[in-house]
Amino acid sequence: IWMDLASCGFYLLVLFSMDVPLTLAALLVFPLHILCMKTLGKKSKETSRAVQEAMEEFSGDIQERISGIQVVKAFAREQREARSFFAGARRLFHLTMVNVKTTTLANSIVQWLTQMATLGLIWYGGYRLYFGYTNGGTVVAFTYLIPQLYLPVNRISEMNTILHNSLAAIDRIFEVFDIEP
């Protein structure tokens, strides 16, 4: 994260030294990135927590069924246990898919924002070039440097999703530590 933040700072300095209005236009997408990271990061943490809770419940059920297999067979309850197993597996699968969709949506939105911002900057650079506010070399250099600015932002966004999933796991660990004997 520190390397990505330093990289963003470096490229911002370079871009500001080239063309201030174009750089400010490049920064317009950052509030949307932050909003996306906050909103979908929170949702990702919630879905990750639900997946972990479902996994805990599912694993416990499986362990109980395996340890009590003689009782299940003695009462001929294999079909009931199989249905219960598949219902738990479906629930876990559904929650996992919700988590994957949330994570994928967050990454897709950030990528889309980056691409649209780059496209908008090319248009704005062409506009500034056409009316003589900047020169062609600056627009071309911007076109090559903007992806270098947005790449660390994309990586930070991906790390944000991973961080929120990890925080959900850490919260669950501390819940166990906080249980009074």
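The values are calculated or read from the model by the stated rules, or taken from the named source; none is laboratory data. Just so it is clear, the model here is predicted, and its values are computed rather than measured. For neighbour counting, all protein chains shown are included, and Cβ atoms are generated from backbone atoms with ideal geometry for every residue, glycine included. Heads up: the accessible areas ignore ligands, DNA and RNA and are worked out on the full protein's heavy atoms, side chains in. Shrake-Rupley method; radii C 1.70, N 1.55, O 1.52, S 1.80 Å.
Just add up the charged neighbours of Leu92: K/R +1, D/E -1, any other residue whose Cβ is under 13 Å from the Cβ of Leu92.
Taking every other residue near Leu92 into account, the sum is -2.
With Cα extents along the principal axes in Å defined as stated, name the option among [x] 88, 34, 29; [y] 88, 50, 33; [z] 87, 37, 19 computed from the structure displayed.
Calculated Cα extents along the principal axes in Å: the matching label is [z].
Please determine, in degrees from 0 to 90 and to the nearest 10, the orientation of helix 30-67 with respect to the longest principal axis defined by the Cα atoms of the chain, where the helix direction is its Cα long axis.
For helix 30-67, the angle is close to 20 degrees.
Leaving out ligands, DNA and RNA, what percent of the accessible area of the chain is carbon and sulfur, probe 1.4 Å?
69 percent
Just to confirm my numbers, what's the Cα centroid distance between region 134-164 and region 31-100 in Å?
38 Å
Relative contact order for region 55-181: what percent, with Cα pairs under 8 Å and sequence separation of 6 or more?
Once normalised by length, the contact order is 21 percent.
Per DSSP H run of n ≥ 4, the term is -39500 (n - 2.57); total these for the chain, divide by its residue number, and report the mean residue ellipticity at 222 nm rounded to 500 deg cm²/dmol.
-32500 deg cm²/dmol
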